[in-house]
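I have placed the structure first, in the form of structure tokens, so that the comments after it can refer back to it.
The values are calculated or read from the model by the stated rules, or taken from the named source; none is laboratory data. On a predicted model such as this, the values are computed, not experimentally measured, just so you know. Don't worry about glycine lacking a Cβ; one is built from the backbone with ideal geometry, like all the others, and counts go over all protein chains shown. What goes into the accessible areas is simple: the full protein's heavy atoms, side chains included, and nothing from ligands, DNA or RNA. Shrake-Rupley method; radii C 1.70, N 1.55, O 1.52, S 1.80 Å.
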Amino acid sequence: MSGIVVHLPQGSGGLADGEPHVPAVTLRLGPGERVRFGRGSSTVPVELRLADAAISRLAGEITVTADHWQLSNHSTSHSYLVENPEGAGEYLRVPPRRLGAPIPFEFSRVVLPTRRDTTVSFQVFAPDHVYLDPQHTGGPAESRTVTAYSLDETAAYFLVLVALCEPWLRDSSPVAVPTTPQVVERLRGHAVGGRLTPRAVSSHIDYLAEEKLRTGVPTADEAGKGARRNGKREAVVTVALRFGIVREEHLALLPARAAEPAARGR
């Protein structure tokens, strides 16, 4: 288990003097670590600062365990929502003063109410969910074989991965890996993927490269932003195809291409 990633997108952390409070923030936590969130102050330090008068100085805390993460709500009056962006409207409500609520979603959006017409929210990519090998036949837990790459084929990040790999699966010598805008366009019309923005697709690529497929692409401090993004896309495609993580049958998950008859069911 590689821990969790907490991501505050640009503009999602509330407003201060009418302007976005903080730039995008990404925090990585391992088992046993925690991150506090809220408005914060000089006497109430928080790792994830959120700007709105309705949010407490110390609004809550995220704690990472061995196989999931927990959310504590320190507010005395407001409930928080934890949404599953990849589900059919699934969400959990964490009531005021609730401590250590276990969150089962692999990808979550934590939403806090505000006094404005918009909410404050941040994203959490959960601990790596472990799956038994498909050929598992039972036996003691310590002798069981688990998959090296634990990917959920129903998740939006897997759909993004299939779209990235599609040119190779249809043509053994494509010119280049699809760009983020091309992935967004390719998924247009899909029930889940059709709602993905370029920023969301980029986040899924980061998650695949850094957490799911562990490609070892250089960080922002080690490479330019453009080169790093291209390197991540190419790296996840290479791993996915070399190890058979994405195969031709997975193309059925994508929307039908314009030139394809609907009867093919893709």
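Looking only at the stretch 21-39, count how many residues are modelled with pLDDT of 85 or more, part of a loop (DSSP other than H, G, I, E, B) and open to solvent by 40 Å² or more (accessible area, probe 1.4 Å).
Number of matching residues: 4.
Yes or no: residue 105 in a strand (DSSP E or B), within 23 Å of residue 32 (Cα to Cα) and among the hydrophobic types (A, V, I, L, M, F, W, C)? It would help to see each step written out before you state the result.
Values: in a strand (DSSP E or B): no; within 23 Å of residue 32 (Cα to Cα): yes; among the hydrophobic types (A, V, I, L, M, F, W, C): yes.
Against the criterion (in a strand (DSSP E or B), within 23 Å of residue 32 (Cα to Cα) and among the hydrophobic types (A, V, I, L, M, F, W, C)), residue 105 does not qualify.
What is the one condition in (1) of a type in the set (Gly, Ala, Ser); (2) at pLDDT 90 or above; (3) in contact with a helix residue (DSSP H, G or I) (Cβ under 9 Å, 6 or more places away or on another chain) that residue 56 does not satisfy?
Exception for residue 56: condition (3).
Can you name the helices (runs of 4 or more DSSP H) wholly within the stretch 128-215 that have at least 1 residues being of a type outside the set (S, T, N, Q) and modelled with pLDDT under 90?
Values: elements: 156-170, 180-186, 198-207.
Helices (runs of 4 or more DSSP H) meeting the threshold: 156-170, 198-207.
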